[in-house]
Amino acid sequence: MALIGLYVSIDLLFLTLFLASVLAAFYGIILFFKNKKSEAYPFAPFINGAALIAILYGYPILDWYGQLRGF
């Protein structure tokens, strides 16, 4: 996470953490309903995927959220 923080700005770092949490939650819900049991799974792939999303589409996402909130 520190290397991602060096590459992106601080606002994209928080967006990356938020997106990784959302992606992992969706994956966990799908995995739970598929297997009918709770399993542990690594969080790092979701951080990497979210960092890629934040690098490519981070500022448009933040602009969209700012317009949604009225900023």
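The table below lists the values:
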read-out: Which listed residue, of 7, 57, 27, is at pLDDT below 90, out of contact with any strand residue (DSSP E or B) (no Cβ under 6 Å at 6 or more places or on another chain) and not acidic (Asp, Glu); value: 7
read-out: Cβ pairs under 7 Å, 6+ apart, first in the stretch 32-52 and modelled with pLDDT of 90 or more, second assigned to a loop (DSSP other than H, G, I, E, B) and aliphatic (A, V, I, L, M); value: 47/1
read-out: The stretch 28-71, residues that are within 17 Å of residue 2 (Cα to Cα) and assigned to a loop (DSSP other than H, G, I, E, B); value: 43
read-out: Number of the condition not met by residue 25 [criteria: (1) surrounded by fewer than 10 Cβ atoms within 10 Å (Cβ to Cβ); (2) assigned to a helix (DSSP H, G or I); (3) of a type outside the set (Ser, Thr, Tyr)]; value: (1)
read-out: Positions within the stretch 10-24 being at pLDDT below 90 and closer than 17 Å to residue 56 by Cβ, in sequence order; value: 11
read-out: The stretch 1-20 - residue that is under 13 Å from residue 49 (Cα atoms) and surrounded by fewer than 14 Cβ atoms within 10 Å (Cβ to Cβ) and, of those, farthest from the chain's Cα centre (by Cα); value: 1
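The values are calculated or read from the model by the stated rules, or taken from the named source; none is laboratory data. This one's a predicted model, so the numbers in the text were calculated from it and none came from an experiment. Please note: Cβ atoms are built from the backbone with ideal geometry, for glycine as well, and neighbour counts cover all protein chains shown.
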